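One structure coming up, written as structure tokens, with questions to follow.
The values are calculated or read from the model by the stated rules, or taken from the named source; none is laboratory data. Everything quoted here is computed from the prediction, not taken from an experiment. As a convention, Cβ positions derive from the backbone with ideal geometry for all residues, glycine included, and neighbour counts pool all protein chains shown.
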Amino acid sequence: MLGISLISSCSTTLKLPDATVNMERVYLLKYSTWGHHSLAFYRDGKFIEYTYGDWELFALNKRDGWTAWKNMTFNSQGALGRKLVEMKPGDHICKKFVGCEIVVPFHAPTDKVNALHISLQKNYNDNIVTEVYNAKEEVYFVKNDTPYWGFHNCNHQLVEWLEFLGADIKGRVFYKPTLIQGMQPRPEAIETL
């Protein structure tokens, strides 16, 4: 019980990469569902969101308590989600993403952003034969090789992506991390692209 209290009481700090000459904008999206976050890129007029979750919970939309408990307690099939939306400057981002509460852009080194985007794209395309569409979330998912469970859930995977981009994360990651509130320096949230 003490462990759970400690996990839930620690805040999350996310120190963004130091500013350099060759930086590119990346987007962190926060959702109302389970404190979920995702990462997005803007490429060739498309806003491309990647998200990670449990196959049953996210891809197949089985949101009952038993499935959530079981798949957080034991290793289960991971899922990589991707959503591509054509957007132009001035378009409202959250209006095109179901359950999106806030979007915060930040800058990361261009070479790392490109490498992460290519890696996620390759991972998705390598598993395209497993692709399903979650109509309620309006996101396509493929099976992912990384298992999902309580200690490697959507927030842990996002932290791995952010660390790859040069961010330093400390504190609670398990459930509803305060990633956006703990960003240093604190970028402003945006509504439009």
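Which numbered condition in (1) in a loop (DSSP other than H, G, I, E, B); (2) modelled with pLDDT of 95 or more is the only one that Pro187 fails?
(2)
While we're on this one: What do you reckon, is Ala115 touching a Leu at 6+ places or on another chain (Cβ under 8 Å), modelled with pLDDT of 90 or more and either of a type in the set (A, V, I, L, M) or farther than 19 Å from Pro185 by Cα (or both)? Spell out the reasoning first.
Values: touching a Leu at 6+ places or on another chain (Cβ under 8 Å): no; modelled with pLDDT of 90 or more: yes; either of a type in the set (A, V, I, L, M) or farther than 19 Å from Pro185 by Cα (or both): yes.
Judged against the criteria, Ala115 is not a match.
Is it the case, given these coordinates, that Phe174 is surrounded by 15 or more Cβ atoms within 10 Å (Cβ to Cβ), at pLDDT below 90 and in contact with a helix residue (DSSP H, G or I) (Cβ under 6 Å, 6 or more places away or on another chain)? Break it down into steps so the answer makes sense when it comes.
Values: surrounded by 15 or more Cβ atoms within 10 Å (Cβ to Cβ): yes; at pLDDT below 90: yes; in contact with a helix residue (DSSP H, G or I) (Cβ under 6 Å, 6 or more places away or on another chain): yes.
The answer is yes for Phe174.
Looking at (1) of a type outside the set (D, E, K, R); (2) at pLDDT 75 or above; (3) surrounded by 14 or more Cβ atoms within 10 Å (Cβ to Cβ), which one does Leu179 not meet, given that it meets all the others?
Of the numbered conditions (1) of a type outside the set (D, E, K, R); (2) at pLDDT 75 or above; (3) surrounded by 14 or more Cβ atoms within 10 Å (Cβ to Cβ), the odd one out for Leu179 is (2).
Just for the stretch 36-84: of the residues that are under 23 Å from Ala115 (Cα atoms) and acidic (Asp, Glu), which one is modelled with the highest pLDDT?
Just the residues of the stretch 36-84 that are under 23 Å from Ala115 (Cα atoms), to begin with: 37-53, 78-84.
Among the residues that remain, those that are also acidic (Asp, Glu) are: 44, 49.
Values: Asp44: 91, Glu49: 96.
Per the criteria, the residue is Glu49.
Consider the stretch 42-78. How many of its residues are in contact (Cβ under 8 Å) with a residue 12 or more places away in the chain, in a helix (DSSP H, G or I) and among the aromatic types (Phe, Trp, Tyr)?
Qualifying residue count for the region: 2.
Can you give me the ranges of the strands (runs of 3 or more DSSP E) entirely in the stretch 131-174 with at least 2 residues that are within 18 Å of Ala40 (Cβ to Cβ)? Break it down into steps so the answer makes sense when it comes.
Details: elements: 132-134, 139-148, 168-171.
Ranges flagged: 139-148.
Within the bounds of the stretch 86-96, is there any residue that is at pLDDT below 90 and in contact with a Phe, Trp or Tyr (Cβ under 6 Å, 6 or more places away or on another chain)?
No, the conditions are met nowhere in the stretch 86-96.
Of the numbered conditions (1) modelled with pLDDT of 95 or more; (2) not in a helix (DSSP H, G or I), Ile102 fails exactly one; give the number of that condition.
(1)
List pairs: first in the stretch 80-91 and without any contact (Cβ under 8 Å) to a residue 40 or more places away in the chain, second crowded, with 17+ Cβ neighbours inside 10 Å and part of a loop (DSSP other than H, G, I, E, B), Cβ under 9 Å, 6+ apart or cross-chain?
That search, which allows pairs on different chains as well, returns Val85/Ile93; Val85/Phe97.
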